[in-house]
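One structure below.
The values are calculated or read from the model by the stated rules, or taken from the named source; none is laboratory data. Since the model is a prediction, treat every value here as computed from it, not as a measurement. So basically every Cβ, Gly included, is an ideal-geometry build from the backbone, and we count neighbours across all protein chains shown.
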Amino acid sequence: TAYGENVSGIETINLSQITGIVSDEAGNELVGAIVTVLEMDGLVLKSRVTDEFGRFRRLLHPDSSYTLVVSAPGYITDTTTIESNELVAGINPPFDINLESQPLYQLKLNIQTPDNNTGNIQVIRQDSFSSDTATATNNIAWSLPEDYYQVIVTASGFSPTVIETLLNGNKEYSIYLDTEQTIIDEGFIDLSKWEIQSGDWTLDGEALSTQSELFYDNNVDWEIVSKNGIAAEFGDSLIIEI
């Protein structure tokens, strides 16, 4: 019914079938490449992925022009315009796509923790196509294609560190995992439970303000300390810094 057959007296729409093989520079078929068709009015047809032979197939209306976008991890995205005069109803000649490899860059993390840390460090790396989790001791490095990456470094008992970067060259980051922060809920009914270390702290109802004036003074630290004890390993005070 895709090519204009008459079924029970109903004339079906004549469609064009385009097929092709996605491969790399050496001619190796790429499995799982994403093939997306953009219509002229900006709408996007549902993407397809190439099969185990690198093949794809799409059905299009022969009276329209389309943009064929093919992408795969580690390769430069290819964009091809298919004009309406290139399409005929039925099966069309193959639209084979050759993708060029992206250059690889090194992303290196130098991770430090306190001397008493004995646990493993978990590193989660995400890019436009996938997410990967690895275990590290101190340092970790990857050879990766150009892309936007988010890297989350965490370990039990430590606050996570998040890095977001466009990898368009070799990059190296030094990370120090600090002790995990403890958050407590302390009301500001009055300041009797708090000790002002510096700054002009005031209360407006139950809202705590760092000063009553409209403008801040330059080079002034603002610090207030809770008199209530919290977890002993974090000390017996809570410091709020503005």
Going through the range 1-52 in order, the residues found to be at pLDDT 90 or above, of a type in the set (G, A, S) and either in contact with a Ser or Thr (Cβ under 8 Å, 6 or more places away or on another chain) or not in a strand (DSSP E or B) (or both) are A26, G27, G32, A33
Matching entry among G235, G205 (being out of contact with any strand residue (DSSP E or B) (no Cβ under 9 Å at 6 or more places or on another chain), outside the structural domain of K108 (by TED's automatic domain parsing), within 30 Å of P114 (Cβ to Cβ) and modelled with pLDDT under 75): G235
Is it true that L30 is closer than 30 Å to L177 by Cβ, under 30 Å from the mean Cα position of the chain (by Cα) and aliphatic (A, V, I, L, M)? no
Cβ contacts < 8 Å: first residue farther than 28 Å from Y75 by Cβ, restricted to the range 132-145; second residue of a type outside the set (A, V, I, L, M) and surrounded by 10 or more Cβ atoms within 10 Å (Cβ to Cβ), any location; separation 6+ or different chain. Result? T135/N120; T135/Q122; T137/N120; N138/N110; N138/Q112; N139/K108; N139/N110
Search the range 115-139 for residues being in a strand (DSSP E or B) and among the charged types (D, E, K, R), and hand back the single one that is nearest to F158 (Cα to Cα). R125
Taking the range 68-108 and keeping residues under 26 Å from the mean Cα position of the chain (by Cα) and on the phi > 0 side of the Ramachandran plot leaves G74
If I filter the range 140-162 down to residues being among the aliphatic types (A, V, I, L, M) and in a strand (DSSP E or B), which single residue comes out as farthest from T118 (Cα to Cα)? L144
